[in-house]
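The values are calculated or read from the model by the stated rules, or taken from the named source; none is laboratory data. Nothing here was measured: the structure is a model prediction, and the numbers come from that model. Here Cβ is always computed from backbone atoms with ideal geometry, including for glycine, and neighbour counts include all displayed protein chains.
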Amino acid sequence: MTEAYSFLQGYRRYSHLALPAGAADRYYGEVRRIAEALGARAVPASEHEVLDYFRHTQPELACGERSRVVLELLAQVRLPVPAAGLSRDLFLHAAAALLPAWAVVMLRRTPQQQRQARVAAHALRTIAPVFRAALSDGIASRACRRVGRSPEQLTRWPAQAPE
């Protein structure tokens, strides 16, 4: 659920399209079906249920040495793009801007790190159209063409999302 929750938060913050009413619950329902097919049980199926799940499990969460090692490794990833360090840092800081307040505390994010996150979030929102244009022939567009659909459909939500 953490991945689905984070994806939706990123979409809401950085997409140029507003999330239609009910889309989050439909998305969580889809993710739930996949999780259950893989053997998970009692998987939240709506945004409300996901938030309840986080409230319930939050006291069990910890940020230990293993978590810190993973964060350090992410900060060192070399991306195969121009200005790789700048791009990596922008995306990592913008991701940190999506953290709920309790996670910021748990991760002991400093005021400087929190400022970097806010600046990166603003920068990413500002330059997102450039990234979208650069990905015009990316995996999503190719997937559309593979199934005989126009990639143009990715630029807007359908009038009514399928059930």
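Quick notes
Results for (1) assigned by TED's automatic domain parsing to the domain that holds TYR27; (2) more than 15 Å from SER15 (Cβ to Cβ); (3) of a type in the set (A, V, I, L, M, F, W, C), shown as yes or no for each residue.
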{"position": "ALA84", "(1), (2), (3)": "no, yes, yes"}
{"position": "LEU90", "(1), (2), (3)": "no, yes, yes"}
{"position": "ALA101", "(1), (2), (3)": "no, yes, yes"}
{"position": "VAL105", "(1), (2), (3)": "no, yes, yes"}
{"position": "ARG109", "(1), (2), (3)": "no, yes, no"}
{"position": "GLN112", "(1), (2), (3)": "no, yes, no"}
{"position": "THR126", "(1), (2), (3)": "no, no, no"}
{"position": "ARG149", "(1), (2), (3)": "no, yes, no"}
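- Some residue of region 56-66 being farther than 29 Å from VAL119 by Cα, touching a Gly at 6+ places or on another chain (Cβ under 6 Å) and outside the structural domain of ALA117 (by TED's automatic domain parsing): no
- Complete set of residues in region 108-144 that are in a helix (DSSP H, G or I) and of a type in the set (Val, Ile, Thr): VAL119, THR126, ILE127, VAL130, ILE139
- Considering residues of region 152-162 that are under 16 Å from SER15 (Cβ atoms) and not polar (S, T, N, Q) only, the residue modelled with the lowest pLDDT: ALA161
- Candidate set from region 118-132 (those that are of a type outside the set (A, V, I, L, M) and without any contact (Cβ under 8 Å) to a residue 12 or more places away in the chain); member that is farthest from THR155 (Cα to Cα): HIS122
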